[in-house]
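Encoded as structure tokens, the structure appears first; notes follow it.
Bear in mind these aren't lab numbers, they're just calculated from the coordinates by the rules spelled out. Small disclaimer: the values here were computed from a predicted structure and weren't measured. When we count neighbours, we look across all protein chains shown, and the Cβ atoms used for this are built from the backbone with ideal geometry, even at glycine.
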Amino acid sequence: MNTAIEIPLLDELNRQCEFTFIRSNDEDIQGVYVYVNMIKACFRIETRAFLPGARRVYSFKRYGIGRSWVMNAVEQARLENRCESVLIVPGSTPEETQLQMLFGAQIKRTREVTKRKCNNKHELPINYGDSLIFKAGQPGRVLLVDDVCTTGRTLRWFREYLERQGYEAVMFCLGLNVKMLPSGTVSGFVEMIGGSGGLPENLEAAG
């Protein structure tokens, strides 16, 4: 029996709230919103348009605000990528993240590890997986989800971790760092979202 959380199909209301996902420069990681440093972005015209989306991701990651759009986006990504289930990348501590609270914690930490936020420019340590417990089910195609992707190292590590156990993982995140966008496309993304930060019009008021 597959212990990865099964997500119900979108209802008609959710189907109206479709997202246009973005991709990393090598196109192996998909994301919902472009993620930027919110303080620095206030002073940079070229990234200011991404602030609404970044705030939305941060509000969920930090406070759990906006669960509905997260569930909608993850389910849409699961369906589009023909994934059977969803697996969540754990945080740096045994405490469950907001994503794990929503979709389950099949991959857990047994102890605290150094936060990737402080070391995202470095490769993960050799013993990175020693702190993990994985409640494995029947291997299949899964959507591997993280809240914020800064360099892609963590997501790719977990993809390889799952592949060694027979899974096929599609990498997905809520916030994809602006530095991971294809070269020369930032201005194009700003023009595409029209300064709205990428929020679908029917989600603007949803919160």
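Between Ala136 and Glu168, the distance separating the two model label sites (each 7 Å from Cα on the Cα→Cβ line) works out to 1.8 nm.
Taking 0.36 nm per residue of sequence separation and removing the Cα-Cα distance, the Arg44/Glu112 pair yields an extension gain of 21.0 nm.
Distance between the modelled labels on Asn127 and Glu27, one decimal in nanometres: 4.1 nm (7 Å Cα→Cβ projection).
The order of Met71, Met180, Met101, going from fewest to most other C-beta atoms within 10 Å of their C-beta, is Met101, Met71, Met180.
Would any residue of segment 59-74 have its amide N under 16 Å from a label point 7 Å out along Cα→Cβ of Thr20? List them or say none. Under cut-off, by backbone N: nothing. Residues Trp157, Trp69, arranged from fewest to most other Cβ atoms within 10 angstrom of their Cβ, appear as Trp157, Trp69.
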